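Since every read-out is calculated from the coordinates, none of them should be taken as a lab result. All of these numbers come straight from a predicted model, not from anything done at the bench. Virtual Cβ from ideal backbone geometry, glycine too; neighbours counted across all protein chains shown.
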Amino acid sequence: MKQKTVNYAERIIPVLAQVDCCVVGGGTAGAAAAITAGRQGLKTLLVERSITLGGMQTIGLVEPFMPTFVRGSATPFVKEIKRCLKKAGIQYADGMTGATWTNPETLAAIYDELTVKAGVQVLYQATLVDVIKKGKKITTILVQTIQGMVAIKATLFIDATGDALLARLAGVPTETGYEKTGNNQPMSFRFEMGGIDLPKLVKYIDSTQDTWCKTPLPHFEIAQARHRAIKYKLEEFFLQGVASGELQEEDAEYFQAFTILGKPGCMSMNCPELPVRFRATQALSYSQGVQYGRAMIRRISTYLVKHLPGFEQAYLSKEAGMLGARESFRIRGKYYLTEADYYARTTFADAVVKNAYYIDAHGEKVGEYLKKGQFYEIPFRALVCKEISNLAVAGRCISASFIMEASLRIQPICMSMGEAAGIAAAWAYRCRIALNMVQWNKIPAQQRSYVSKKTK
């Protein structure tokens with residue numbers, strides 16, 4: 001008999017749904033996890049705080065996807081998304097960089113279609129409030145919706161919040177920031193501009209003999225990054241704005257813009273990068289960062305229109321619906337990935353994906369590239385913990401050090417981790433075993449999204 005209510009803080013909370021698997025967070029990892037679990041036959045509910053799936057891919061305007069820099073890393077779900085993009089008319093490959101070019105509206109529509117086909121029910125505009133546990137299991141989550149607070153009961157849970165919120169509410173140990181400084185990576189606040197004369201822009205950039213990007217239209221990128229050994233051509237352009245008082249020093253710290261396929265005359269700005277004092281882990285600081293970042297967007301966009309050839313008729317067309325938090329909270333799981341695993345090119349029998357993306361720790365002078373063909377792997381044990389038996393975590397909040405997270409946080413890797421969490425959840429459900437006791441390498445190879453060559 002299904003339970004109709006739960007007692008929470010002396011309130012009677014109605015049970016909205018009772019499912020096999022509940023995924024909290026419909027972003028890069030969560031959408032993959034829910035769709036995969038649904039396809040595996042699990043009655044799946046996906047809880048998303050906005051009205052759009054995809055997270056940083058869509059709401060955060062982070063496109064294109066960064067490459068993993070190693071062949072064979074793309075798991076079936078990542079490949080499927082690329083096929084869907086191609087079917088939608090998006091020429092996602094530029095033939096040079098390995099990045100996957102897209103646009104947020106196309107991806108949002110793709111995710112809606114895939115969830116419907118997988119039988120996944122999506123609960124939009126729903127915010128996780130609390131959890132109810134029994135022993136080492138989460139039995140119920142409390143979610144605030146437009147109809148009020150509701151309860152969701154599930155056998156298995158996947159935390160894809162990006163901030164390990166579900167895990168933290170359940171009492172899973174977490175950490176945050178760089179172990180040496182305590183700082184999080186700085187957040188970004190992306191925006192889009194339309195009305196750009198792209199051929200004119202390309203001609204100007206070529207005239208400067210810029211070396212940042214060599215891809216031709218429709219794939220085109222411009223960028224500069226200060227305080228690096230290489231002085232990029234656009235750095236002088238931005239410093240002129242600082243000197244004139246049109247820009248502030250932090251506005252010129254980092255600038256990057258990509259064309260958006262399917263949106264002629266538009267570019268997505270991978271900036272501004274907020275000062276590190278604004279914290280992704282503190283509510284008031286995050287909110288102050290939004291206001292500060294919006295002022296930075298206005299200064300940068302105005303300056304581009306006034307001074308950058310090709311931007312004369314350009315306009316600010318869209319702001320991201322969320323800040324780009326590169327790192328916030330990370331769980332302490334059954335395996336703790338560190339930079340030592342990166343440097344040692346560690347592989348695991350229970351690996352769910354391989355990666356060679358460099359250590360990209362914004363705000364910290366730490367970085368390294370692997371040689372071509374070299375890679376490391378992420379074990380399933382980094383996605384689960386000892387404290388909660390029916391929980392998996394996917395995305396940038398898995399069990400890893402600050403420096404290691406700076407490599408694994410990219411979208412294709414997060415998607416693959418979500419896919420693996422969905423497969424593991426279905427295996428645990430069918431085999432009637434705890435999710436945190438799943439041995440990934442014991443799942444038949446044909447059912448796994450990734451199979452490591454390491455056997456032990």
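Structure data summary
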{"quantity": "Sparse-neighbourhood loop sites, GluC sites (Glu not before Pro) in region 268-331 - DSSP loop, at most 14 other Cβ within 10 angstrom", "calculated": "312"}
{"quantity": "Cα→Cβ-extended label distance, 7 Å offset, between residue 109 and residue 302, nm", "calculated": "3.6 nm"}
{"quantity": "Exposed-loop-free span, longest in the chain, where chymotrypsin sites (Phe, Trp or Tyr not before Pro) count as exposed if DSSP calls them loop and at most 16 other C-beta atoms lie within 10 Å", "calculated": "213-357"}
{"quantity": "Top positive-direction residue, dipole computed over the chain with Cβ charges, set 362, 174, 40", "calculated": "40"}
{"quantity": "For region 325-456, diffusion coefficient by Stokes-Einstein and Kirkwood Rh (Cα), 10 °C, 1.306 mPa s, µm²/s", "calculated": "107 µm²/s"}
{"quantity": "Whole-angstrom gap from region 172-203 to region 369-421, using each part's C-alpha centre", "calculated": "20 Å"}
{"quantity": "About the Cα centre, charge dipole magnitude for region 326-411 (Lys/Arg +1, Asp/Glu -1 at Cβ), debye", "calculated": "100 debye"}
{"quantity": "Nearest-20 debye value, region 44-196 charge dipole, Cβ charges on Lys, Arg, Asp, Glu", "calculated": "580 debye"}
{"quantity": "Those trypsin sites (Lys or Arg not before Pro) in region 68-122 that DSSP places in a loop and that have at most 15 other beta carbons within 10 Å", "calculated": "71"}
{"quantity": "Among 99, 54, 13 - extreme Cα towards positive end, dipole of the chain, charges at beta-carbon", "calculated": "13"}
{"quantity": "Positive-end residue, region 191-319 charge dipole about Cα centroid, Cβ charges, pick of 258, 213, 241", "calculated": "258"}
{"quantity": "Estimated distance in nm for a label pair at residue 432 and residue 87, the labels positioned 7 Å out from Cα along Cα-to-Cβ", "calculated": "3.8 nm"}
{"quantity": "More than 24 Å apart - percent of Cα-Cα pairs taken over region 191-319", "calculated": "27 percent"}
{"quantity": "Alpha carbon centroid spacing (whole Å) that separates region 1-74 from region 295-351", "calculated": "21 Å"}
{"quantity": "Helical contribution to [θ] at 222 nm, DSSP H n ≥ 4, -39,500 (n - 2.57), averaged over the chain, rounded to 500", "calculated": "-8500 deg cm²/dmol"}
{"quantity": "Equivalent-ellipsoid semi-axes of region 134-218, from the Cα gyration tensor, Å, largest first", "calculated": "47, 21, 12"}
{"quantity": "Least to most buried among 115, 28 (fewest other Cβ within 10 Å first)", "calculated": "115, 28"}
{"quantity": "For 287, 399, 188, 301, order by how many other beta-carbon atoms lie within 10 Å, fewest first", "calculated": "287, 301, 188, 399"}
{"quantity": "Crossing angle, helix 76-87 versus the chain [Cα axis fit, 0-90 degrees, rounded to tens]", "calculated": "50 degrees"}
{"quantity": "Student exercise, the chain dipole from Lys, Arg, Asp, Glu Cβ charges, in Debye to nearest 20", "calculated": "1880 debye"}
